[in-house]
Amino acid sequence: MDFDELLREARLGEGQAFAELWRRHAPRVAGFVRAGGARDVEEITSDVFTAAFGGIGRFEGDEAGFVALLMTIARRRVIDERRRRHRRVAIEPWQHDRDVTAAGSVEDDAVARVSVGELAEHLARLTQDQREVVLLRLVGDLSLEQTATVMGKRVGTVKSLQRRGLDALRRSLAAHPQVTRPAVPERKPTS
């Protein structure tokens, strides 16, 4: 079923349409939430879809726009959880026994070769903005323009953050030879 038909049926309240949207996009959202360091991935993922489904009647756009909406909500929920956690006295390190679910060969390769804990350690070495750009671009599979919109930044800034983030990730992986090195894409010259 194509996205336009799913959207039409979801607006009519058809449960099967909501289930299909969840099936298609929940793994990507959960992967982003998990890689962002959230502790309650399932709850946040559910909250993201509850918010998106609650406003489905007002949504205008294609499937890529819907994914961008989901990632915007997910990013905000992860930030909210991070703020709540930092207000608490005891902060525990992120640990999760499942792999990050993501779309695309770079992140699939990284997850296949590096444990979730090791990957989190490498991502933690990036600045907050670099980490968010890398996660939104690779795990969320958002375009530069969509990532810029989600983060409230210019496209050029997102490009720069991505380049610096991937460079920093590559250096971090190279500096820790005990970790099997995932394939991090080389920088491509910008035109």
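Read-outs throughout are calculated quantities, based only on the coordinates presented, and are distinct from any laboratory measurement. Since the model is a prediction, treat every value here as computed from it, not as a measurement. Please note: Cβ atoms are built from the backbone with ideal geometry, for glycine as well, and neighbour counts cover all protein chains shown.
Before moving on, here are some points about what is shown:
- Exposure proxy ranking for His86, His122, His176, His25, based on other Cβ atoms within 10 angstrom of each Cβ and starting from the fewest, stands as His86, His176, His25, His122.
- Site pair Arg39 and Arg8 shows an inter-label distance of 4.6 nm when each label is modelled 7 Å from Cα along Cα→Cβ.
- Label-zone membership for the stretch 29-69, site Ala124, 7 angstrom Cα→C-beta point, backbone N under 17 Å: 34-40
- Prolate/oblate/rounded label for the stretch 34-92 (Cα gyration tensor, a/c 1.5): prolate
- Here is the list for the stretch 1-71: trypsin sites (Lys or Arg not before Pro) lying in DSSP coil, each with at most 16 other C-beta atoms within 10 angstrom of its C-beta, are Arg39.
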